[in-house]
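The values are calculated or read from the model by the stated rules, or taken from the named source; none is laboratory data. It should be emphasised that the depicted structure is a prediction, and the values quoted were computed from it without experimental measurement. Cβ atoms come from the backbone with ideal geometry, glycine included; neighbour counts cover every protein chain shown.
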Amino acid sequence: MIDKNKLPTVSIKAINEIHFEEADIINTLYEVINEEDADAITKQIQLLVEHMQEHFSFEESLMRDKSYPMYTIHQADHNKVLNETRYILMDWRNAKDIDRLKEYFQEELITWLDQHIKAMDMPMADFVK
């Protein structure tokens, strides 16, 4: 799903590593979705949510420490996708709809990650650095 070699990178190595970890989690999630293993899917979505929380907390801490002027907008984008992913987890637990999961991860989250890195993380990393 996500080719880490094509994932945009930023000027801060630690953020790139976090993005690569997230890509690995998403790729593993996609594999377990294709295997239709409900328990593994639930665990992998939970892992993704936890990773996103840590990822966003790290970036937001950097932005606060450096008084990044676009902090509020960047944080709002984090909150939006984190809430969407939490909703997807809740929806999965209730409906077990594989097609909805695939649609979200293929059409929404992967596109969001690429766009977020380019539009939000790149300028933030340059400012922080």
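The helices (runs of 4 or more DSSP H) found entirely in the range 62-129 that carry 3 or more residues being touching a residue at least 60 places away in the same chain (Cβ under 8 Å) are 98-103, 110-116, 122-128. Just wondering, is there one or more residues in the range 52-68 that are farther than 28 Å from Lys129 by Cα, touching a helix residue (DSSP H, G or I) at 6+ places or on another chain (Cβ under 8 Å) and not acidic (Asp, Glu)? Looking for residues that are farther than 28 Å from Lys129 by Cα, touching a helix residue (DSSP H, G or I) at 6+ places or on another chain (Cβ under 8 Å) and not acidic (Asp, Glu), one finds none in the range 52-68, hence no. Taken over the range 72-104, residues that are among the polar types (S, T, N, Q) and closer than 16 Å to Val49 by Cα amount to 4. Taking Asn34 as the residue in question, decide whether it is among the polar types (S, T, N, Q) and at pLDDT below 95. When the stated conditions are applied, Asn34 passes them. When Glu17 is evaluated against the numbered criteria (1) surrounded by 15 or more Cβ atoms within 10 Å (Cβ to Cβ); (2) part of a helix (DSSP H, G or I), which criterion, by number, is the only one it fails? Result: Glu17 fails condition (1) only. Considering only the range 63-103, state which residues are within 21 Å of Ile12 (Cβ to Cβ) and either at pLDDT below 95 or of a type in the set (Ser, Thr, Tyr) (or both). Listed by number, the residues that qualify are Ser67, Tyr68, Tyr71, Thr72. Exactly one residue out of Tyr87, Tyr68 is of a type in the set (Phe, Trp, Tyr) and crowded, with 17+ Cβ neighbours inside 10 Å, and it is Tyr68.
Residues satisfying the criterion are absent from the range 34-56 (criterion: in contact (Cβ under 8 Å) with a residue 40 or more places away in the chain, under 13 Å from the mean Cα position of the chain (by Cα) and not in a helix (DSSP H, G or I)).
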